[in-house]
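For reference, the structure is listed below as C-alpha cells.
The values are calculated or read from the model by the stated rules, or taken from the named source; none is laboratory data. Keep in mind that what you see is a predicted model, and the values were worked out from it rather than measured. Cβ coordinates were reconstructed from backbone atoms using ideal geometry, including for glycine residues, and neighbour counts include every protein chain displayed. To get the accessible areas, we keep the full protein, side chains included, count just its heavy atoms, and leave off ligands, DNA and RNA. Shrake-Rupley method; radii C 1.70, N 1.55, O 1.52, S 1.80 Å.
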Amino acid sequence: MTTATASAPAEVHAGAPRRNVITRIVDRLGGGAVQVVMVLLGLFWLVPTLGLMVVSLRSPAVNGAEGWWTVFTKPAELTIENYKNLLASGFTSSFWNTVFITVPTTVLVIGIAAMAAYAFAWMDFPGRDLSFLIVVGLLIVPIQIALIPVAIFYGGVGIFGTIPGVVLFHVAFGLPFAIFLLRNFFVGIPASLLEAARMDGASEVKIFVRVVFPLGKPAIASLGIFQFLWVWNDMLIALVFADTDNQPMTKALQSQMRQFGSNVDILSSGAFLSLIIPLVLFFAFQRYFVQGMMAGSVK
Amino acid sequence: MTEKVDGPKAPREDDTSRGPASGPAETPRTQRRLGPSPTVAIAFLLPAALLLGIWVVYPIVYSIFRSLFDATGSGFVGLGNYATIFTDSGMLTTIRNNLIWVVVAPIVVTTLGLIFAVLTERIKWATAFKLIVFMPMAVSLMAAGVIFRLVYDEDPGKGVANAILTTVHDTFSSSQGYPDARPREGDQSGVVADKGAIVTKQPVQSGQPVLIPIVGIKPNIMPSAAQPAKAAPPGNALSGTVWFDFTPGGGGKNGTPDATEKGLPGMTVEAVKDGQVAGTATTADDGSFRFDGLAAGSYVVRLPQSNFEASYHGLTWLGPTLITPAIIGAFVWVWAGFAMVLIAAGLAAIPRDSLEAARIDGATEWQVFRRITVPLLSPVLLVVFVTMIINTLKVFDLVFIIAPPSVQPQSNVVALEMWRVSFGGGNNQGLGSALAIFLLILVLPFMIMNIRRFRREDT
C-alpha cells in the first residue's frame, strides 16, 4: 500500500516475514530482472505526463518540428511563453470557475453527508435500514440518467448554466458515496461516548458538532480529498450545465480540442495547469486518498 | 486474517464495524437505537434526502417515461427508442465498442494490478513505484486525454508511442527505406536487379570502386541529409558509391555520378562471397561505402531487399481500426494504479505463515502464487474487476477527448452517445433518455450485487 508503508512503519514489520535461505537466494537471482522490469514499467507510467509537461514548455514551432524528447539535448528551448499566452487568453477565469465549483461542492457534500451519516449510524427512525440500502444502490447510478431531467428542471427555475446549478448537481451525485463512507466510519465510534454526551443532556446538534465530527476527521479528510478531485476533474457535468461564462478548465480545454494540432500550446499548458493542484493534493494527502478509495470500493 | 495486519487501510471483512477509537468492547447494535426521536433524525436527513430525491431518484423515474416519447416529447413511441438502439448501425457499432471495453479493459487492468502488486513486494523503491503508477488517478480524464493525444501522434518524430515502435523496429531491421527504387540497368551498368535485391554483375575486388546507379526514387523519399554523390576515395578497401543516377532538369551521363546527382544515405551494402555475407557496410550521406577489414579477394556487392521496403512509421493509433484499443490503453494507464493499490493491500493481509508452509513443503514460487495467493486474493480481485466493469460502462471523457472528430463514430460508446444525442447536436431527448436507461440497466446487476454484499457484511 502506498501510504501504509510510509505512515505506519509497524505495519511493514508485521508484513515482512522471516524468509528462509532458499527464498532469499531465489529473490536475489530474480531480483535483477525484476528491477529492470519495474524501472521500465515506471518509465512507461511516467513518460506520458512528462511529455505533456515538456510540450507545454516549448514553443509551438519547436513542438511542430520535433518530438519533446529532444529536450534532453536542447534544454535551452524551454520557455514559459505558452503559459503567458494561456493566462492572457482568459484561462484564468475558468481556473477560478473550477475553484468556485469545487470548493463549495466539497464543503456541502461533507456537511450534508455527515449529518445524514450520523442519523444513519446513531439514530433510530422507521425505514432506516431500507433507506440506507437505497443509498448503497445509488452509489453507482450513471450521471447520464439525470442530465436531461435536471437540465429541464434547471431551465424551469432559471439556474441552467450557472455555477450553483453545477454545484448542486455535483453535491447530489457525491452524496451516496459520502454518506456510505461516513456512516461506515461513524458506526465505529464507541457508543459510550455518545451515551455519555446524551446523558449530560447535550443536544443532537451539539453531539454532532462536538463529538462525531471531530472523531470522524480521518474519514472526512478522505472524503474531502476524493470529492475535491472528483469535482475538479469533472468534464461531463460542466459540459452540460456550465455556460461559457461559468465554465471550468475542463470544459474550456475541451472547446479547444477540435483543432488539436494547431492548439497544442494552449491545450498542453492548460491541461498541465489543471492537473497541478490535483497532483499537489494527491502527494500531500495520498494517505487519505488511498483510505477513501479503500473504504469506497471494498464494501 | 484480520488480526495479521493492523491498520485502518487494509480491506477487511469487518472494516465497517470499526472506527478509529473502537473501544475494547463493541456495544451491541441494539443499544444504539436508544437515540433521539425520529423527528430529529428526519431533520438530519432532510437535506440529503431532498438532494437525492430531486437530482437522482426523480430523474430516474422521469427518464423512464421520457424514453417512451419521441425527440420533441410530444409523440408516444412506446419502445421505439429502444428499438433504435438495437437496430441503427451506428448504435450497433457503439454497443460493439462497449462490449470490447467491458471484455478487455477490466481483465487487463486487474491482471496488471496483480502483477504490479506482486512485483512491488520485491523491490526496495516500492513506494516510489506505487506513487508513479497511482498518480494518473489524480489527473483529470480530460488531461489524460490530452496526454494520450500527444502519445499517439502518428508522426514518429512527435508521438512517443510510434517513436518507440519505430526505434524497436529499426533496431531489428535497419532500413532507410527506398521503396520502388531499382538499378539503372543496361550494358554500360555494372549492376542488375536480383530477387528484390541489387547485385553487381561481376565479382569485384578492392581498389576498384563499385558504382551502383539507382533510379525510381520519388522526391519525397529522398532523405534531406543526402549530399552530392562522390566516388569513394581510392584505397585498399573494397569501396564504392550508391547514388541516385538522375540529374534534375535533364542532362548528365547515365552510370556516372554527375556533380548534381545525390548519394543515397543509409543504404545497407553487403559483400557476398560464395553465397555468404562476408561484410556489411552502410552508405554515408554522399552515398559512398567502404568495407573495412575484409579479406582480399573477389566479392559480389549486394544491396539487400530490406533497403527497398517502405520504412516503418509505426501504427495509426488514432485511425478507425486501432482507436478503441488505443483508448483502452489510456484507460489502463489511468486505472492500473487503483488496481495495484487495492490488490497490494489484499496481499499484505494474506497470512505469511501459509505461504511459508507451502514453500517449506517444496512448492515453487509459481505454485504458491497460483494455489495460495490468488485464491486468497479473490475477494479483492473481484472488487477491482467489478469496479472496472462499472467504470468501462461509464467511460466518456477519454473517448471524447482522444478520438479525433473523424473517428468518433468508430470509437463511440453508450455514455458518450447519450450526451451526443441529447446535447451534442443530436437534440433527441427521447433517444437520449432511452440510452440513459439502457446504461442504468447495464449497471443494475452491480447495484444489486453491492446491496446484497452490504447486507451480508453489515449484519
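Points to keep in mind about this one:
- Only a single item in (1) buried (at least 24 other Cβ atoms within 10 Å of the Cβ); (2) out of contact with any strand residue (DSSP E or B) (no Cβ under 9 Å at 6 or more places or on another chain); (3) more than 8 Å from chain B (Cβ to nearest Cβ) is not met by A:P248, and it is number (2).
- Residues considered: B:V146, B:V103. Of these, the only one that is part of a helix (DSSP H, G or I), within 30 Å of A:Q254 (Cβ to Cβ) and more than 9 Å from chain A (Cβ to nearest Cβ) is B:V103.
- Selected residue (criterion: modelled with the highest pLDDT) from residues of the range B:106-143 that are among the aliphatic types (A, V, I, L, M) and not in a helix (DSSP H, G or I): B:V139
- Filtering B:G251, B:G266 for residues that are within 30 Å of B:K158 (Cβ to Cβ) and outside the structural domain of B:M137 (by TED's automatic domain parsing) leaves a single hit, B:G266.
- For A:V150: the one exception among (1) within 27 Å of A:P278 (Cβ to Cβ); (2) more than 9 Å from every other protein chain (Cβ to nearest Cβ): (2)
- Which numbered condition A:R258 fails, given (1) among the charged types (D, E, K, R); (2) part of a loop (DSSP other than H, G, I, E, B); (3) more than 30 Å from A:M294 (Cβ to Cβ): (2)
- Within the set A:T49, A:T70, the sole residue that is at pLDDT 90 or above and assigned to a helix (DSSP H, G or I) turns out to be A:T49.
- Qualifying residue in the range B:434-452 (condition: touching an Asp or Glu at 6+ places or on another chain (Cβ under 9 Å), modelled with pLDDT under 95, facing chain A (nearest Cβ under 10 Å) and open to solvent by 20 Å² or more (accessible area, probe 1.4 Å)): no
- Scanning the range B:410-430 for residues that are open to solvent by less than 20 Å² (accessible area, probe 1.4 Å) and more than 18 Å from B:V102 (Cα to Cα) yields B:V421, B:S422, B:G430.
- Pick from the range B:142-167, criterion touching an Asp or Glu at 6+ places or on another chain (Cβ under 9 Å) and over 13 Å from A:P48 (Cβ atoms), ranking: most open to solvent (accessible area, probe 1.4 Å): B:K158
- Of the helices (runs of 4 or more DSSP H) lying entirely inside the range B:347-409, those containing at least 1 residues that are assigned by TED's automatic domain parsing to the domain that holds B:T324 and open to solvent by 50 Å² or more (accessible area, probe 1.4 Å) span B:352-360, B:365-368, B:374-393.
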